[in-house]
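Data first, discussion second: the structure below is written as structure tokens.
Please treat every number below as a calculation from the coordinates, not as lab data. Just so it is clear, the model here is predicted, and its values are computed rather than measured. Counting neighbours? That spans all protein chains shown, and the Cβs are built from the backbone with ideal geometry, glycine included.
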Amino acid sequence: NRHNVDASVDRQSIAAYVDRDFIRAIDAVDCGVASWMMRPRDGVAELAPIDIPRLVAMHNPEPAVEAVGDGRRYDNAFEQAVQAATTWLERAAVRAAAEAVADELLPQQGDDTIVRLERLVPWRGRTLAHQTHVMWPDPVDGGWLAQAIGREDDPMVPKVAYPGGWIGLGAEELARVSGVQDAVFARGHVAGARSREGVEAMVKRAREVT
């Protein structure tokens, strides 16, 4: 294998490790759960945080299960760790700037239950209790997206989810079922339409149904 890991190592164990310490944390952050919000379940922490010191440390060679060879393996590991940390620092600066923009924009949203953004900013953790959805223009496809805000007691559960009957439908069928002619897709926590008016209509229909 390309990582020179001992073939005797159980692949299922590796998969479980990656799922527990990496995939779940990424999925949680994507759904609006901060990586430090570790919730015990049956006495075991359900979510392991992703942190840069740990990521850098994981570049160290593991002689117990991989071929190390001469000192060049350690030199390469150091260079890879520096690159990982440098990339993080560059993106952290960009993220900090985006959060400053969010801190300025979100308080201007007023009393409406829908947060309407002209561009996507880091809105999670900045919405108010009465707000249920955030909508913004899709920077990739040119349409509009609207995400349901998670509940305060469980951010991975939407306050107002999109109807189960919408989920997974193609655009044509979704338009018929939802009554929104330019609807594109719907999942439990996010929906998309070709226009701003369309995605806002999807939010309002979801409220009516639920």
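Here are the numbers:
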read-out	value
Net +/- balance of residues flanking residue 160 in space, Cβ distance below 12 Å, scoring K and R +1, D and E -1	+4
Charge context of residue 176, other residues only, Cβ under 13 angstrom, K/R +1, D/E -1	-2
Karplus 3J(HN,Hα) series, Hz, for the stretch 144-149 with 6.51 cos²θ - 1.76 cosθ + 1.60 (x for Gly, Pro)	10, 10, 9, 10, 6, 6
Cα pair distances in the stretch 58-158, grouped into 5 Å bins until the bin that holds the longest one, percent each	2, 10, 15, 13, 13, 9, 7, 7, 9, 8, 4, 2, 0
The stretch 148-210: radius of gyration over Cα atoms, expressed as a fraction of 2.2 N^0.38 Å	1.05
The stretch 145-210: trypsin sites (Lys or Arg not before Pro) in DSSP coil with no more than 15 other Cβ atoms inside 10 Å	151, 187
13 Å tail of the calculated P(r), the stretch 46-102, as % of Cα pairs	69 percent
Peptide ranges 107-114, 131-138 listed from the most packed, as the mean C-beta count within 10 angstrom indicates	131-138, 107-114
Sites matching GluC sites (Glu not before Pro) across the stretch 148-207 that sit in DSSP coil, with at most 16 neighbouring C-beta atoms within 10 Å	152
